[in-house]
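Single-structure report; data block below.
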Amino acid sequence: MDGLKDVSRRQFFKTSAGGAASLVIGFYLPGRSVLALTQETSAPAAAKLPSPNAFLRIGADESVTVLLAHSEMGQGIWTTLPILIAEELECDWSKIRVEHAPAAPAYFHTAFGIQMTGGSTTTWSEFDRYRQAGALAREMLIQAAAAQWKVDPKGCRAEDGFVVHRGKKLSFGTLAAAAQKLTPPSQVKLKSSKEWRRIGKATKRLDSPEKVTGRAEFGLDVRFPGLMTAVVARAPVFGGKVKSFRAEKTKAMPGVKAVVEVPSGVAVVAEHFWAAKVGRDALEVEWDLGPGSGLDTEKMREEFRALSRTAGTKAAASGDVEAAMRTAETKIEAEYELPYLAHATMEPLNCTVKPGRDRCEIWTGTQFQTGDQAAAAGVFGLKPEQVKIYTTFLGGGFGRRATPSNHFVVEAAHVAKAAGMPVKVVWTREDDMRGGYYRPMWTHRLNVGLGSDGMPIAWRQTIVGQSILEGTPFAEMMIKEGVDETSVEGAADSPYVKAIPNHWVGLHSPKPGIPVLWWRSVGHSHTGFVMESFVDELAGAARLDPVEYRRRLLKDHPRHLGVLNLAAEKAGWGTPLSEGRFRGIAVHESFGSFVAQVAEVSVKDGQIRVHRVVCAVDCGICVNPAGVAAQMESGVVFGLSAALYGELRFKEGRVQQSNFHDYPLLRLHEMPRVETHILPSAEKSGGVGETGTPPIAPAVANAVFAATGKRLRRLPLRLA
Amino acid sequence: MKLRVNGKLHDVTAPEETPLLWVLRDFLGLTGTKYGCGMAQCGACTVHLDGQAVRSCVLPVGAVGSRLVTTIEGLASRELHPVQRAWIETDVVQCGYCQPGQIMAAAALLKVKPKPNDADIDAALSGNLCRCGTYQRIRAAVRRASEIAGA
């Protein structure tokens, strides 16, 4: 999804006409004691400034409520976006309250033109808008105070929730009512970076109190009178359809209210989850399986390998690779493989839908409000603005809750419609694990020629794997000349490749019919592993130290070098380690940020153990260093689960894994010590939610090579 | 059947084989205890039974008997439990979904081992998965909770 950063709002509107573009919803101004400004941002002069009432409300009780245009799924924007507002508003931090915004155009992504959370974009895409909203509100509060005191507003300033003027002060809460009657200024001056008091300072999370007491409401926790719970029997293979079903036993069970057929399967609607689950167990469904029942992981691997031996569609090309290859001193060929992966969010998918005559209400943890709203409207024959979406906390996202097909919301809408009652559709862990929308399986084949100095002079790489964007509204703008940018990001644009005058990166996008989706770090989740493992191989062939080799290749890339050198220094690269410990390094750019990691590993009886990870990150301007460090740790753990364990396999079309016993995640006793070092930077902020993931698998694989001499080119890493 | 949860006696009409988790969530409205796997693999559903950590997703409600059930909603008394305070101080949470289970597991550990070492913490909390990867801060927070409780 990194490629999305180049997408302008206009492009998206054009390509998604009929979906996002048709949505027009007047922003609802909440009632009493709010800083609710009458003038919307339609006036041309003010068009670039956000309407502050959409992003914050100041109550007579002094509360400052920040509305989030994006979804909190663990990445910490519940705290980051308020920091941006508070930096300019000069409010009392302890008075901040936070809410998810409703689904409405006021909250469209500043770059993508729909309301969504993804691509590690929230902080940079809101950096100006949220600061502007805070500054506008501050200016209006100052104007209101100045009018009351009959003084020049220029002599007033805002400070910790008060407007002050020569010893006089008025609180924001007492000024809010007067301020909301004023016309917002057409421009505001934002602080210079030297004046920042909050941006750059480690700030503790604002959502901790509700999350440590069990009060935080996730989608699965939504309750109201009359709400039923449903589980859906879905086809055991992708593309399968219901042929027939018998529900007599199910319908006779206590608590079961209805059994309804929907496009995705058969739903058992009951008074509570357990009755629905037991009811589904008793259901007899005959399936028309279709061609999906032929899927087999080993067969697919063979097909992918065969494809990787042919050039594929051009993703990047320069010079004459074959001619350069003929002059190479050393030639190296390698094949890398990565499996299908599940996101396995701790909270399984769920969606609550309350149908009505001329409206519909939806509660769910979604990363994709605008699309979900339009899709649910389609199911009910409503206009999008008649569908209200209440975004709950997300029990993990990682891309799984940003579905261009809107499938889990659409399915819940169908169930509620067919049952004619409010329904919460709950996916069991097994449903979630086997429900598709996986990180695609990938095969890479590389043929590289080295010159007499050991540096690459010819590079040929073919990548094979399913396109995530094919068939989605994003296809038109992000599949260019047959190449899905998210399939090749991190390879086709790699600084290693670009520095070689003779290179070819090709892509095959087979269509085995498995639903695939962006999975934390998207294309970088495979290209990071391949590029950083393979460069290590080249360093070995050149008999050069892996850090020194990378320094030579990256000599024109100061930000790569900055994190590479910092990680190496902090990890003590080149200094002796305790017995049985070995180091590996990797450096990768993604989502506008640069990360290098050194993994310290031991291998005993074929078991890989990661003891320590030193992580250096350059994410440009860092709004909350505590949040960045948490995201680096998080990315490392996510990547380690994949590197050590993650693999979904197909046999006769069935996904073989189902729950955490056969799809293990890293556990606490396996947690390495992670030390994060943030490089000071004045560059534009990059993303941090995903960028910590790509380097860890190669760093570990490179350390395993140092430990054992075995080059593991397939994930998950297995020595046996 | 009668069920004693967080100091209150409840009359529950659920079938005896219903897992305690779903009785807490769907019958009593105590949604702080989470569903993650349904097979005692992830620990999101951890509650206390007479002070001991158990996985409520595989415990039939009929097997609870007269034992006292404590959920995340009942962990704090007048002020937050030391584990909850330590979790806030240490900035542990991310998505937060697994944290009630983590906190209940940590609180049960500190009850029997007020000063746990690393091996104790590993043993008590390795059954609780966190997909966000907050483990490093969980470890630090358990030690901090031990300090708070001992102070």
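The values are calculated or read from the model by the stated rules, or taken from the named source; none is laboratory data. Only a predicted model underlies this, so the values are computations on that prediction, with no experimental measurement involved. Counting neighbours? That spans all protein chains shown, and the Cβs are built from the backbone with ideal geometry, glycine included.
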Looking across region B:15-33 at residues that are over 16 Å from residue A:223 (Cα atoms) and facing chain A (nearest Cβ under 10 Å), the single one that is nearest to the chain's Cα centre (by Cα) is B:19
Of (1) buried (at least 24 other Cβ atoms within 10 Å of the Cβ); (2) in a loop (DSSP other than H, G, I, E, B), residue A:700 satisfies every one except (2)
Checked A:610, A:617, A:655 against criteria (modelled with pLDDT of 95 or more and closer than 20 Å to residue A:202 by Cβ); the one match is A:617
Residues in region A:84-115 that are within 21 Å of residue A:216 (Cα to Cα) and crowded, with 24+ Cβ neighbours inside 10 Å total 1
Within region A:437-451, of all residues that are assigned to a strand (DSSP E or B) and hydrophobic (A, V, I, L, M, F, W, C), the one nearest to residue A:469 (Cα to Cα) is A:442
Residues of region B:34-58 being of a type in the set (A, V, I, L, M, F, W, C), under 22 Å from residue A:223 (Cβ atoms) and more than 13 Å from the chain's Cα centre (by Cα), in sequence order, are B:37
Within region A:376-407, the residues that are over 16 Å from residue A:361 (Cβ atoms) and aromatic (Phe, Trp, Tyr) are A:393, A:398
Of the residues in region A:150-188 that are in a helix (DSSP H, G or I) and out of contact with any strand residue (DSSP E or B) (no Cβ under 6 Å at 6 or more places or on another chain), the one that is surrounded by the most Cβ atoms within 10 Å (Cβ to Cβ) is A:179
Note on region A:676-696: residues in contact with a His (Cβ under 9 Å, 6 or more places away or on another chain) and under 16 Å from residue A:533 (Cα atoms) are A:693, A:694, A:695
Condition set under 11 Å from residue A:371 (Cβ atoms) and buried (at least 22 other Cβ atoms within 10 Å of the Cβ), scope region A:385-409, selection nearest to the other protein chains (Cβ to nearest Cβ): answer is A:402
Residue set B:65, B:36; condition part of a loop (DSSP other than H, G, I, E, B) and at the interface with chain A (Cβ under 7 Å from one of its Cβ atoms); output residue B:36
Residue count, region A:206-221, condition in contact with a Gly (Cβ under 6 Å, 6 or more places away or on another chain) and basic (Lys, Arg), comes to 1
Taking region A:193-218 and keeping only residues that are more than 10 Å from chain B (Cβ to nearest Cβ) and either part of a loop (DSSP other than H, G, I, E, B) or touching a residue at least 40 places away in the same chain (Cβ under 8 Å) (or both), one is left with A:193, A:196, A:197, A:198, A:199, A:200, A:201, A:206
Per the list (1) of a type in the set (Gly, Ala, Ser); (2) surrounded by fewer than 21 Cβ atoms within 10 Å (Cβ to Cβ); (3) at pLDDT 95 or above, residue check on residue A:686 breaks on (2)
Output for Cβ contacts, cut-off 7 Å, separation at least six or different chains, first residue of a type in the set (S, T, N, Q) in region A:589-608, second at pLDDT below 95, reads A:590/A:2
With the structure loaded, tell me whether residue A:551 is in a strand (DSSP E or B) and either over 27 Å from residue A:497 (Cα atoms) or without any contact (Cβ under 8 Å) to a residue 60 or more places away in the chain (or both) or whether it fails that test. no
Checked A:103, A:111, A:86 against criteria (more than 14 Å from every other protein chain (Cβ to nearest Cβ) and assigned to a helix (DSSP H, G or I)); the one match is A:86
| said: Would you confirm, using the coordinates I've provided, whether residue B:8 is more than 26 Å from residue A:346 (Cβ to Cβ), surrounded by fewer than 19 Cβ atoms within 10 Å (Cβ to Cβ), charged (D, E, K, R) and touching a His at 6+ places or on another chain (Cβ under 8 Å)? | reply: no
### Query
Within region B:13-32, is there a residue that is surrounded by fewer than 21 Cβ atoms within 10 Å (Cβ to Cβ) and over 25 Å from residue A:271 (Cβ atoms)?
no
